[in-house]
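**Q** After the structure tokens below, expect a handful of questions from me.
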Amino acid sequence: MSFLSPTLRLENLSTQPIMSLDHVPEAQRYNKQHIVAQWCAPINGKMYRIELEHGTTSGRRMIWVNGREVLRRDWMFKLVGEDTFLIESSRCIIRVDPAPGFKYEYSLYIDGKPHAQYTEELTRQYRLWLITSETGQEYRIMLKLDTLSLYVNDELREEAAVFVQGGTDTHFVLDQIQFVLQARSSGNKHDGIVHTLLADGSLVPEAKIQEIMQEPVSILQTN
């Protein structure tokens, strides 16, 4: 089962027909051993894995987002440069630059910012919890703080928060687990509102988005 099924809009694709791989199903074209660079980033409440193939002998350059091919160029004689693509409304650029010793450096920019800067700023806008049910189903629960939008495995939830003494509660059920997302005032301006998640009455520890981006785990896999 795939948790990640983003709607991608593409640009800067070659207008020339590409025949070398078109007859091969997408799932078979993806080969982890060919990936030379990988990044993860939260975009619009969802987690995305961005991967680059850079064939220095074949001249092929391919970009994958969550295991789906979004850009492919074959027989490129110039092995350095940049490619542009969109993930939802965010403009992404992958740069390939020469490095000493006939090597290459790969950089990702999102909305004009280097990947590290973008993700550092974005992670402050989210809260993340991870939980696995007794049936083995994994859930990634993300709260976007500026809009209070709640996402479960990249799907926007429709449950509305209800006012309670001291704050609000948002109730929802996943795999027969009763969840409550609580929002309470911290009592000081510096910390603002504190968000906690309960699963069947037990506290779910908050996860670190930066750790997931650096070490992609099963919730970022496509199969």
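The values are calculated or read from the model by the stated rules, or taken from the named source; none is laboratory data. Everything numeric here is computed off the predicted structure, so don't read it as measured data. Every residue, glycine among them, receives a Cβ derived from its backbone with ideal geometry; neighbour counts consider all protein chains shown. Just the protein is used for accessible areas: all its heavy atoms, side chains included, with ligands, DNA and RNA removed. Shrake-Rupley method; radii C 1.70, N 1.55, O 1.52, S 1.80 Å.
**Q** If you add up the charges near K113, with Lys and Arg at +1 and Asp and Glu at -1, over every other residue whose beta carbon is less than 11 angstrom from its beta carbon, what do you get?
**A** Here the count lands on -2.
**Q** Oh, and also: Of all GluC sites (Glu not before Pro) in the stretch 141-209, which ones are in loop regions per DSSP and have a Cβ with at most 10 other Cβ atoms within 10 Å?
**A** Loop-located and lightly packed - E158.
**Q** For a quick check of your reading of the filter: which trypsin sites (Lys or Arg not before Pro) in the stretch 79-151 sit in a DSSP loop and have no more than 16 other Cβ atoms within 10 Å?
**A** Listed in order of number, the matching sites are R124.
**Q** On the accessible surface of the stretch 126-210, probed at 1.4 Å, how many percent belong to carbon and sulfur atoms?
**A** Heavy-atom surface of the stretch 126-210 belonging to carbon and sulfur, 1.4 Å probe: 52 percent.
**Q** Which lysines does K32 reach when only Cα atoms under 21 Å apart count, and residues fewer than 8 places away in its own chain are ignored?
**A** List returned: K103.
**Q** Now for a different question. Compute the label zone of S58 within the stretch 96-117: residues whose backbone N is under 20 Å from the point 7 Å along Cα-to-Cβ.
**A** Flagged as within label range: 96-97, 103-106.
**Q** I would also like to ask the following. Rounded to the nearest 0.05, what FRET efficiency is calculated for K208 and V180 with R0 set to 25 Å and r the Cβ-Cβ distance?
**A** The formula returns an efficiency of 0.70 here.
**Q** Okay, moving on. Give the accessible area for K208 in Å² (nearest 10); use a 1.4 Å probe, count only protein heavy atoms, and leave out ligands, DNA and RNA.
**A** So the heavy atoms of K208 present about 120 Å² to solvent.
**Q** For the full complex of protein chains and a 1.4 angstrom probe, list T135, T170 by accessible area with the highest value first.
**A** T135, T170
**Q** Right, next: Regarding the stretch 114-187, what are the three Cα extents along the principal axes, ordered largest first, in Å?
**A** 41, 36, 21
**Q** At a 1.4 Å probe radius, which order do T168, T119, T132 fall into by accessible area, largest first?
**A** Listed by decreasing accessible area, they come as T132, T168, T119.
**Q** What aspartates and glutamates sit close enough to K78 to cross-link, taking a C-alpha to C-alpha distance under 17 Å and skipping anything fewer than 8 places away on the same chain?
**A** E53, D97, E105
**Q** Let me ask something additional. Counting only the heavy atoms of the protein chains, how much of D175 is accessible to a 1.4 Å probe, in Å² to the nearest 10?
**A** That residue has around 60 Å² of solvent-accessible surface.
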